[in-house]
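Have a look at the structure below, then the notes.
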Amino acid sequence: METHYQNIYQDEIERCRKGDTKAQFELYKLYYKSMYNICLHMLNNEVEAEDVMQEAFLKAFTKIDTYEGKVSFGAWLKKIVINRSLDELKKRKVKFEELNEKIPEEEPVSFDISEIQLEKLKKMIQQLPDGYRVVLCLYLLEGYDHEEIAHILGITNVSSRSQFLRAKLKLRQMLQKEEFFEYN
């Protein structure tokens, strides 16, 4: 038995299926901010993020008949946004390295935000190499596990974990350097 996700915006989705541009705009207004943030985290460029987000919405509205309701509309749209962002990264020739080294068990990621200003942390994340940043964002911000990230990026599970571990280590080094300069 197939289960369908009950969307709170089902009426707007059905109106979009009929080509109602007002309903499209209503859905756009509901989701654009979160979808833009996903693009920005992955692409690290405001103009590209805006373009990719617009293209993703256009694709979603033209392919809305393929939305089967098995997941929330937001999750379906997010997948389109992430795939479009990855397409853009591929155009930039970003390669996701296959890192098959033995990696230690992950420790939970924890930052005391009261000590670190959120904006500084965001800027540091933006300074990470593309591969590290994308894996970190997919894992921490979008909630994907390493198996899902490996599938999305076409890399191994171990590579996803390695990229994530390296991103954490690089961030930790950047944070230590930042605190060193602030207090010395």
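Structure summary
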item: Theoretical gain in end-to-end length, S34 to V47 [0.36 nm per residue, Cα-Cα removed]; result: 3.1 nm
item: Spherically averaged projected area in nm², based on the convex hull that wraps the Cα atoms of the range 118-183; result: 4.3 nm²
item: Pair Q10, K123: separation of 7 Å Cα→Cβ label points (nm); result: 4.8 nm
item: Virtual spin-label span in nm between E26 and N157, 7 Å along Cα→Cβ; result: 4.3 nm
item: Within the range 139-161, backbone nitrogen closer than 15 Å to the virtual label 7 Å beyond the Cα of L175 toward Cβ; result: 140-141
item: Sites R17 and Q54, calculated FRET efficiency, Cβ-Cβ separation with R0 35 Å, nearest 0.05; result: 0.95
item: Unsatisfied cross-links (Cα-Cα over 20 Å) in the set K29/K70; K79/K168; K29/K78; K33/K79; K33/K78; result: K29/K70; K79/K168
item: Separation in nanometres of the label points that stand 7 Å from Cα toward Cβ, at D130 and T66; result: 2.4 nm
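No lab work stands behind these numbers, since they all come straight from the coordinates. Quantities reported herein were computed from a predicted structural model and do not represent experimental measurements. Glycine also receives a Cβ, built like all others from the backbone with ideal geometry; neighbour counts cover every protein chain displayed.
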